[in-house]
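Structure first, then comments.
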Amino acid sequence: MDLSFQEKSVWGSLLAIVVSSWLFYPHALPHIANGGTFLDILPRLIFVVVVIIVIEIVYHSIIAARSGAESSDERDKEFNLKAERLSGYVLAIGIVLITAHIIIRSTVAGAPSAPSSLLVSVYLMLALTVSELSKLVTQIWYYRVEA
Amino acid sequence: MAKTRVKNNIRKLRFAHGEMTQQQLADEVGVTRQTIVAIEKEKYSPSLDAAFRIAIALDEPFAMVFSYDTAE
């Protein structure tokens, strides 16, 4: 594949997000749903943030050393804008779903009790992550289709 | 994705212009080589600014480089 520096950068960010999500959410969501505290997941959260930073730095250093860093051009910016537009919708849908989830669990008789504020925070982080994933995948889709 | 309706003769004009490479044209225009490839394949429509810069880099009138397919 003939990839520009910006497209390679997007692939690296996608790798970082996928790896960090895989390390964090399968561990954090069940833990908090079962009554765990923020301090219980804090070490994992710090670890995941470090993983993201390391992957981004190492990956971008390698691609910059191999083919030289290039600034984004009009095509990169157009794809980025289109992808950000879609990711905004994805984030909005996520927030609506989380809000509906809270309302239903708070008001409907017989439903489980409302989720804790910590669990809601992790849901919001998940919505942000899915939104970012949708942005990166959309960018890659545009790069591949218009290659 | 379907080809754009903005047609061009960039590939032919590059060779007529001293066999200019895609990278040389990209450097002169200020875009990446991959963007020039996408424009040449008519998969990406450049901005008006980039289109003029391509015509200037190829030392050709704008209408010699780009045209618009009006067929439905």
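The values are calculated or read from the model by the stated rules, or taken from the named source; none is laboratory data. Everything numeric here is computed off the predicted structure, so don't read it as measured data. Cβ placement follows ideal geometry from the backbone for every residue including glycine, while neighbour counts extend to all protein chains displayed. Note: accessible area is taken over every heavy atom of the protein model, side chains too, but ligands, DNA and RNA are not part of it. Shrake-Rupley method; radii C 1.70, N 1.55, O 1.52, S 1.80 Å.
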Calculated log₁₀ intensity ratio I(q)/I(0) where the Debye formula runs over C-alpha points of the stretch A:1-63, q = 0.25 Å⁻¹:
-0.97
With all protein chains present, the protein assembly as shown has a carbon and sulfur share of its accessible area (1.4 Å probe) in percent of 65
Chain B - Rg over Rh from alpha carbon coordinates, Kirkwood radius:
0.94
Inter-probe distance in nm under a simple model that places probes 7 Å from Cα toward Cβ, at A:Val108 and A:Val120:
1.8
By accessible area with a 1.4 Å probe, ligands and nucleic acids excluded, highest first: order of A:Trp141, A:Trp22, A:Trp11:
A:Trp22, A:Trp141, A:Trp11
Per residue of the stretch B:25-37, what does 6.51 cos²θ - 1.76 cosθ + 1.60 with θ = phi - 60° give for ³J(HN,Hα)? Whole Hz please, x for Gly and Pro, Karplus curve as stated.
5, 4, 5, 5, 7, x, 10, 7, 4, 5, 5, 4, 4
Once you have the Kirkwood Rh of the stretch A:33-147 from its Cα pairs, apply Stokes-Einstein at 4 °C and 1.567 mPa s and quote D in µm²/s.
75
Name all residues of the stretch A:105-146 having a backbone nitrogen under 20 Å from the label point set 7 Å from the Cα of A:Ile46 along its Cα→Cβ direction, giving them as ranges.
A:122
Potential lengthening between A:Ala69 and A:Trp22 on full extension [0.36 nm per residue; Cα-Cα distance subtracted]:
14.0 nm
Which lysines, if any, have their Cα less than 29 Å from the Cα of A:Lys82, not counting same-chain residues under 8 positions apart?
A:Lys8, A:Lys135, B:Lys3, B:Lys7, B:Lys41, B:Lys43
Principal-axis tilt of helix A:38-67 within chain A, Cα atoms, nearest 10 degrees:
10
If you fit an axis through the alpha-carbon atoms of helix A:117-145 and take the longest principal axis of the Cα set of chain A, what angle between them do you get, 0 to 90°, nearest 10?
30
Report ³J(HN,Hα) in whole Hz for each residue of the stretch A:99-113, in order, from the Karplus equation J = 6.51 cos²θ - 1.76 cosθ + 1.60 where θ = phi - 60°; Gly and Pro get x.
4, 4, 4, 5, 4, 4, 6, 8, 10, 6, 5, x, 6, x, 4
Counting only protein heavy atoms and leaving out ligands, DNA and RNA, the solvent-accessible surface of B:Asp49 at a 1.4 Å probe, in Å² to the nearest 10, equals 90
Across the protein assembly as shown, what fraction of all alpha-carbon pairs, as a whole percent, falls in each successive 10 Å bin from zero upward?
7, 25, 25, 18, 13, 8, 4, 0
So what are the ³J(HN,Hα) numbers for the stretch A:13-18, from phi and the Karplus equation (6.51, -1.76, 1.60; θ = phi - 60°), rounded to whole Hz, Gly and Pro as x?
5, 5, 4, 4, 5, 5
Sorting A:Leu128, A:Leu118 on solvent-accessible surface, 1.4 Å probe, most exposed first, gives A:Leu128, A:Leu118
